[in-house]
1. So GLU58 clears everything in (1) in contact (Cβ under 8 Å) with a residue 40 or more places away in the chain; (2) surrounded by 15 or more Cβ atoms within 10 Å (Cβ to Cβ); (3) over 25 Å from ILE113 (Cα atoms) except one condition, right? Which one?
2. Go through SER65, SER94, SER56 for me and flag whichever is at pLDDT below 95 and closer than 19 Å to TYR194 by Cα.
3. Just one of ILE171, ILE143, ILE135 is surrounded by fewer than 15 Cβ atoms within 10 Å (Cβ to Cβ) and among the aliphatic types (A, V, I, L, M); which is it?
4. If we keep just the residues of the range 1-36 that are surrounded by fewer than 23 Cβ atoms within 10 Å (Cβ to Cβ) and among the hydroxyl-bearing types (Ser, Thr, Tyr), which is nearest to PRO68 (Cα to Cα)?
5. Out of the residues in the range 114-130 meeting the condition of being of a type in the set (A, V, I, L, M, F, W, C), farther than 13 Å from PHE148 by Cα and touching a Lys or Arg at 6+ places or on another chain (Cβ under 8 Å), tell me which one is surrounded by the most Cβ atoms within 10 Å (Cβ to Cβ).
6. Please enumerate the residues belonging to the range 159-176 that are farther than 16 Å from ASN146 by Cα and not small (Gly, Ala, Ser).
7. For the condition more than 24 Å from TYR158 (Cα to Cα) and among the aromatic types (Phe, Trp, Tyr), what is the one hit in TYR124, TYR71?
Amino acid sequence: MAIILNIETATKNCSVSLAKDGQVIAIKELNNGNYSHAEVLHPFILDVLNEVNITSTEIDAVAVSKGPGSYTGLRIGVSAAKGLCFAFDKPLISIKTLESLAHATSVDKGIIIPMLDARRMEVYAAVFNEDYEQIRDIKAEIIDENSFSDYLETNTVYFLGDGAHKCKEIITHKNAVFIDDKFPSAKEMALLSYNKYKKNDIEDVAYFEPFYLKDFVVIPEKKKKPTF
């Protein structure tokens, strides 16, 4: 038996689940359009533990969404996960954010493309087949009318995630299907983290860092003209 705490903070959805052998037994999440992870993440962790009367020492591992995604959100989630692992001597498991997002839908046949919103018309995206096998690497890419045309010509392609929402008016191919209101969640992490736990596929807690995909860029504020 394995009890794993799953933490997802890569997007605006702050999500925590507790799973037993890959099955969610408690979950708490908030997606209110704001990045409130710093305020709610630790209370959510306590909530899911208290809901099923499990203490921090009784969990077998901590899993965290590794990215890509929000720089600040990923830092908060990874810092919390590493802190728990250090404090209670537990293994750390990392889950690709886009892989767990792909599992938020199921299709009989076709291509699944989970997308996370980046800046302007850019998204972070990966490509999976109907069996959730990744068939293209994760990329940061600017979307235009020809994006993913190779897949769209021969398959029904299912787009999901907050990055897909802004692509609806640009990707208009007849084989494109857009699935609304899907975000990375600790719910979909449960089975993925359990499978990695069984294989002892864990991270070095001391050296693990989120997968940002792109460097964090600080945009300086415009200087205000002096007033006299």
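1. Single failed check for GLU58: (2).
2. Answer to the selection: SER56.
3. ILE135
4. Only one residue tops the list, namely TYR35.
5. Checked the range 114-130; the qualifying residue surrounded by the most Cβ atoms within 10 Å (Cβ to Cβ) is ALA118.
6. LEU160, ASP162, HIS165
7. Only one candidate qualifies: TYR71.
The values are calculated or read from the model by the stated rules, or taken from the named source; none is laboratory data. Computed from a predicted model, the values in this text were never measured in an experiment. Note that we place each Cβ from the backbone using ideal geometry, even for glycine, and neighbour counts take in every protein chain shown.
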